[in-house]
Protein chains: 2
Amino acid sequence: MFSKTCKYGIRAVLFLAVNTDKNKKIGVIEIAERLEVPRHFLGKVLQVLKKEGLISSIKGPGGGFYLSKENRKANIEDIVECLDGPSLLNACVLGLPNCSDENPCPLHFQAYACRHGLQYQLRHQSIDELARKIRREEIRI
Amino acid sequence: MFSKTCKYGIRAVLFLAVNTDKNKKIGVIEIAERLEVPRHFLGKVLQVLKKEGLISSIKGPGGGFYLSKENRKANIEDIVECLDGPSLLNACVLGLPNCSDENPCPLHFQAYACRHGLQYQLRHQSIDELARKIRREEIRI
DNA sequence: CGATAAAAAGATTTTTTTGTCCTTTATTAA
DNA sequence: TTAATAAAGGACAAAAAAATCTTTTTATCG
C-alpha cells in the first residue's frame, strides 16, 4: 500500500509530534533508533518532508528536527501525498490509464468506495489528535 | 496497492473468463497484445496462476490458456493471494510487526475498516459475475 | 576565530521488481 | 516419426526502491 518512505515518514512525523517542539529538537540518529528504522534512509525522508514544509529543522549544535505549531496543522494525507504522490489514493487499482466512473475497470467501484473511505480518514486525521492518542498510550508508533 | 504481477494476473484471468473455455484456448502472445502488457512477463504470471490451479493450460499446437468450470469458482481474492500473498490485505499499513487490535498503530482502525471492506468485495466478487459485466460492456479489462 | 555538531546534498551500493531471452518439454498433425 | 506449435523453465538485464556512505553547508559555543 504505502512505500517504506511513506511508512517511515508518517511514523517520524508522529514521533516528532509527541516528542518535540520549537524548544526541544531531536536528531535523525535518535529518531531512527527509536523507530527502529534505517537512519540514512530516514534522513532522506526527513529532508523531503522539510522541503515540503511538513516538518522543521535547524542545523548545527543543539539543532535537529521538530514540529512547529504550523506543521501541526497538517494531516496524514498531506504526508502521504508528499511522499507517495497524489496518485496513490486516486489511480486505478488495476493500472488502467483511462479508468473512470464512465469507463470503469472491474474493481473500480469496489476499490473506490474503500479507498475514498481511507482517504477521508487520512484527511481528517490531524497530527495533533494522533499525538494525543499516542501520549495516552492508546496507540503505538 | 497491487503489484504489476497482480494487476496483470487479475486482468488476464478475466480476459480468459470472457474469451475462453475448454474448447477455445488462447496463447500468451495474443493475451498480452489484447491487454497491452509485456508478453514474457505475463507468461511468468500465467505460469504461477496455472501452478496454483487458478487457470488451465495445454501445451502444443491448438493449446493455450483457458478457464475451466472449476477455475471459474475462484474469486478475485484468490488471485491476489496467489500473486501478492495473503499479507497484502492483512499486514499493518505502517509495517509494524506486532500491530493488532490490542496494540494498534496510528492508522490501524482507519485502515482496517477500509481494507476489510475491500477484502470482502474481492472475496465475494466471483470471476463469472465480472465476466458477465465485461460481456455486457459495463466494465472494461 | 576554530572546533564541533547537526542537517543537506550528492554519489554509490544493494535489493526487489519488472521485463527479456533462450532452451526444454509436451502435444498435435501431417 | 518428424515438423511445428505452445507452454514451462531457467538465466539474464533493466529499472525502481531501499539503504549506505561521503562530503558540504549551516549553526553554536568556547
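The values are calculated or read from the model by the stated rules, or taken from the named source; none is laboratory data. Keep in mind that what you see is a predicted model, and the values were worked out from it rather than measured. Virtual Cβ from ideal backbone geometry, glycine too; neighbours counted across all protein chains shown. Ligands, DNA and RNA are excluded from the accessible area calculation, which covers all protein heavy atoms including side chains. Shrake-Rupley method; radii C 1.70, N 1.55, O 1.52, S 1.80 Å.
When residues in region A:39-56 are screened for being open to solvent by 100 Å² or more (accessible area, probe 1.4 Å) and within 12 Å of DNA strand D (Cβ to nearest atom), 4 of them pass. Residues that are in contact (Cβ under 8 Å) with a residue 60 or more places away in the chain and closer than 27 Å to B:Pro104 by Cα within region B:70-81 comprise just one, B:Val80. B:Gln110 meets all of the listed conditions (1) free of Cβ contacts under 8 Å to residues at least 12 places away in the same chain; (2) out of contact with any helix residue (DSSP H, G or I) (no Cβ under 7 Å at 6 or more places or on another chain) but one, namely (2). Here A:Lys59 clears all of (1) within 16 Å of DNA strand D (Cβ to nearest atom); (2) touching a residue at least 24 places away in the same chain (Cβ under 8 Å) except the condition numbered (2). Of all the residues in region B:40-55, those that are of a type outside the set (A, V, I, L, M) and more than 14 Å from B:Lys7 (Cα to Cα) number 6.
Listed here are the helices (runs of 4 or more DSSP H) enclosed by region B:1-106 that have at least 3 residues being in contact with a helix residue (DSSP H, G or I) (Cβ under 7 Å, 6 or more places away or on another chain) and of a type outside the set (Val, Ile, Thr): B:4-19, B:28-35, B:39-51, B:76-84. Screening region B:1-31 for residues that are at pLDDT 95 or above and more than 23 Å from B:Lys69 (Cα to Cα) and picking the one that is least open to solvent (accessible area, probe 1.4 Å) gives B:Phe2. How about region B:109-141: which of its residues are open to solvent by less than 50 Å² (accessible area, probe 1.4 Å) and aliphatic (A, V, I, L, M)? Within region B:109-141, B:Ala111, B:Leu118, B:Leu122, B:Ile127, B:Leu130, B:Ala131, B:Ile134, B:Ile139, B:Ile141 meet the criteria.
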